[in-house]
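Trainee: Below are the structure tokens for one structure; questions will follow.
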Amino acid sequence: MSDTVVAGTDDDVLIEILASRTQEQIKEIIKVYKKEFGSKLEKDICGDTSGHYQRLLVILLQGSREDGVDEGKIEKDAKDLYAAGEGKFGTDEDKFISILGNRSIEHLKKVSVQVFDAYRKICGSDIEDSIKGETTGNLENLLIAVVKCVRSVPAFFAEALYNSMRRAGTDDDTLMRIMISRSEVDMLDIRANFKKMYGASLYTTIQEDTTGDYQKALLYLCGGND
């Protein structure tokens, strides 16, 4: 099946939330979704998505990641990812999904540098570049988001905020969603990453891109200049 969706699905929001939230947070989201809308989130996602993209969304939604850290899987994970993409004609999407969707966050975070460095040594490119070269569409975007969140959730949101303001026209939905949802979670870390990545403070960037009471509210959520 192709990785398509029914018109109306906001894939950017699905990808952002399921790639960045902890398993505990996702479980709470499922409960609230059921209470608010009287429907199961997994059922609704399956009704609006398909293919490998749907499979990875469901894996992330079900919170079926393994427990703990397995040091013995570091090199094997890198070789398997290489074999699934750069090392073969055609792409084994299932292998990408299996490793990036099922390994514990602790495993991926602790050994991410080693896994991705090992991958770079084996195939001569970053795993993000390989994903972009071997997959397309929503599956590509979701896999890239998972990798970025493994590396750093605050950096993932710093990049999303920058893109929401520095492209043609402001993406107010993304800007508001991230500022509100992360203001009491990791905003200081997002601000630090934003400054490091783009050489400007998030506070100043918001000032330059917004006006009025809307701007004041965003600046309040930002919490200060850097």
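Trainee: Of the conditions (1) in contact (Cβ under 8 Å) with a residue 40 or more places away in the chain; (2) of a type in the set (Val, Ile, Thr); (3) not in a helix (DSSP H, G or I), Val185 fails just one. Which one is it?
Mentor: (1)
Trainee: Right, something else. Just a yes or no: is a residue in the stretch 87-106 modelled with pLDDT under 75, surrounded by 19 or more Cβ atoms within 10 Å (Cβ to Cβ), part of a helix (DSSP H, G or I) and over 15 Å from the mean Cα position of the chain (by Cα)?
Mentor: No, the stretch 87-106 contains no residue that is modelled with pLDDT under 75, surrounded by 19 or more Cβ atoms within 10 Å (Cβ to Cβ), part of a helix (DSSP H, G or I) and over 15 Å from the mean Cα position of the chain (by Cα).
Trainee: Can we say Met179 is out of contact with any Leu (no Cβ under 6 Å at 6 or more places or on another chain) and at pLDDT 95 or above?
Mentor: So Met179 does not fit the description; no.
Trainee: Of Arg55, Arg65, which residue is within 21 Å of the chain's Cα centre (by Cα), assigned to a loop (DSSP other than H, G, I, E, B) and either at pLDDT below 75 or under 25 Å from Ile30 (Cβ atoms) (or both)?
Mentor: From the options Arg55, Arg65, the qualifying one is Arg65.
Trainee: Return yes when Ala118 is more than 24 Å from Asp77 (Cβ to Cβ) and among the aliphatic types (A, V, I, L, M) and no when it is not.
Mentor: No: the conditions fail for Ala118.
Trainee: Here are the criteria: (1) under 30 Å from Gly51 (Cβ atoms); (2) of a type in the set (D, E, K, R); (3) out of contact with any Gly (no Cβ under 7 Å at 6 or more places or on another chain). Tell me which single one Glu134 does not satisfy.
Mentor: (3)
Trainee: Separate question: Just to be sure, is Met165 farther than 25 Å from Ile105 by Cα and open to solvent by less than 50 Å² (accessible area, probe 1.4 Å)?
Mentor: So Met165 fits the description; yes.
Trainee: Looking at (1) over 14 Å from Pro154 (Cα atoms); (2) touching a Ser or Thr at 6+ places or on another chain (Cβ under 9 Å), which one does Lys195 not meet, given that it meets all the others?
Mentor: Among (1) over 14 Å from Pro154 (Cα atoms); (2) touching a Ser or Thr at 6+ places or on another chain (Cβ under 9 Å), Lys195 violates only (1).
Trainee: Does Glu75 qualify as being in contact with a helix residue (DSSP H, G or I) (Cβ under 8 Å, 6 or more places away or on another chain), open to solvent by 20 Å² or more (accessible area, probe 1.4 Å) and either β-branched (Val, Ile, Thr) or more than 26 Å from Gly137 (Cβ to Cβ) (or both)?
Mentor: So Glu75 passes the test.
The values are calculated or read from the model by the stated rules, or taken from the named source; none is laboratory data. Just so you know, these numbers come straight off a predicted model, no measurement behind them. Note that we place each Cβ from the backbone using ideal geometry, even for glycine, and neighbour counts take in every protein chain shown. Areas reflect the complete protein model, heavy atoms only, side chains present, ligands, DNA and RNA absent. Shrake-Rupley method; radii C 1.70, N 1.55, O 1.52, S 1.80 Å.
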